[in-house]
Amino acid sequence: MSSPQNGPEQNALESSKESEIEAKPVKPEQFKGAEIKPQDVFDKLLAKHTFWKAIRITAWLKRFLNNSKTREKTNYQCGPLETDEIQAQVQWWIKSLQQRHLESDEVKEDVLKLNLKPNDDELLECRGRIEGHYPLYILTKTLLAEKLVMDAHTSSLHGGVGITMTTVRETYWISSTEIPDKAHNQVLLLV
């Protein structure tokens, strides 16, 4: 029985009228946020994995590319990922998102409203009233924003909107977010 040709014939499965009557209707997804369509390979990676897993994957890819370009084995990076490698990838994700949408109306409006200024790494940050604390600007209704909110939601032990947004806004600034009914607070939606 090593190949399907040697096995017994398989009957085609067909549903009867009785089974179709008993079938449970499929409900459409009730809580679906703004349609966020992946635009490139990295967006597809982020869509498939959690935020931190996507960061680690891209950090490993970056290390592999750097090691491939290095001729001398003494300059190879090996071992577990280092903090600066991971932070560089977080900044890369944010920078690529900001550059992709730099000319959009939403960003132009937020530059004036939130007093966005580029920092030393050329990342837009919100200059608010608290001197020295400038959260990085993340566009609303993007996959990265959704993944950051989901990560904050799980790291705050599903604490609700207030705790989740406080956790997010320690480092990042996302204009507006919303959570659905308390009964369905498993999914965070971005407005």
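Evaluating G128 against the criteria (1) in a loop (DSSP other than H, G, I, E, B); (2) at pLDDT 95 or above leaves one unmet condition, (2).
Quick one: count up the residues across the stretch 131-165 that are within 21 Å of K113 (Cβ to Cβ) and part of a helix (DSSP H, G or I). Matching residues across the stretch 131-165 total 5. In this structure, is F31 at pLDDT below 95 and part of a helix (DSSP H, G or I)? Judged against the criteria, F31 is not a match.
Consider the stretch 34-56 and keep the residues that are at pLDDT 75 or above and charged (D, E, K, R). The one that is nearest to K141 (Cα to Cα) is D43. A single entry from Q91, Q99, Q87, Q77 fulfils the requirement of being in a loop (DSSP other than H, G, I, E, B) and either modelled with pLDDT of 90 or more or not small (G, A, S) (or both): Q77.
The values are calculated or read from the model by the stated rules, or taken from the named source; none is laboratory data. Computed from a predicted model, the values in this text were never measured in an experiment. Don't worry about glycine lacking a Cβ; one is built from the backbone with ideal geometry, like all the others, and counts go over all protein chains shown.
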